Amino acid sequence: MAGTSLLYATRLIRPYPQVLTVSSLEDKIGSSTYHAWENRLQKRFGTGLQMLVSYTISRNMTDVQSGLAGISASGIQDGANRRAEWAVAGFDTPHNFLMSTIYELPFGKGKKFLNHGGAMEQVLGGWSVSGVLTYQSGLPLRITQTNRLPLFNAAQRPDL
């Protein structure tokens, strides 16, 4: 009985006592790098209009394409030369543009219309209209072919 209480006592001093073990289905292999430049412009006008424009240009490189992109058909082609796997990630979107606007409707307390109280001010006051526009570049083109002699991989990729 004393051994059981000691087990529970040591569990209680852990940062997360409810978690007994942590396991993973895949080994932690490979490496990745992500570099980005972000730019944002924001303007608030006195008329209740707000605008936000942002642009990001980035590059995501990795040597574990299949594990990160969820693609099992194109695994590592040469386990002894992991550097040959270094390429743009299959989920990389290098250009991202976003524009959003918010317009506070001119109804209600402190606004131009319906600002004298009453039921109409309660119903129509305090509303705003917004919109978001997003553009991003597409994913990289992955060129593969079926491996006719599937001894190690199900697919082949160009090496240049």
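Neighbours of Gly46 by Cβ distance under 14 Å: Lys/Arg scored +1, Asp/Glu scored -1, total +3. For Glu121, the shell of other residues with beta-carbons less than 13 Å away shows a net charge of +3, using +1 for Lys and Arg and -1 for Asp and Glu. Hey, with R₀ at 35 Å, roughly what FRET efficiency would Arg82 and Leu20 work out to, going by the Cβ-Cβ distance, to 0.05? The computed FRET efficiency comes out at 0.55.
Subtracting the Cα-Cα distance of Trp127 and Trp37 from their residue separation scaled by 0.36 nm leaves 28.9 nm. Normalised size of the range 91-154, defined as Cα radius of gyration per 2.2 N^0.38 Å with N residues, equals 2.47. Simple spin-label estimate for Gln136 and Ile102 gives 2.2 nm between the two label positions (7 Å along the Cα-to-Cβ direction from each Cα).
Since every read-out is calculated from the coordinates, none of them should be taken as a lab result. Keep in mind that this is a model prediction, so the values were computed, not measured. Virtual Cβ from ideal backbone geometry, glycine too; neighbours counted across all protein chains shown.
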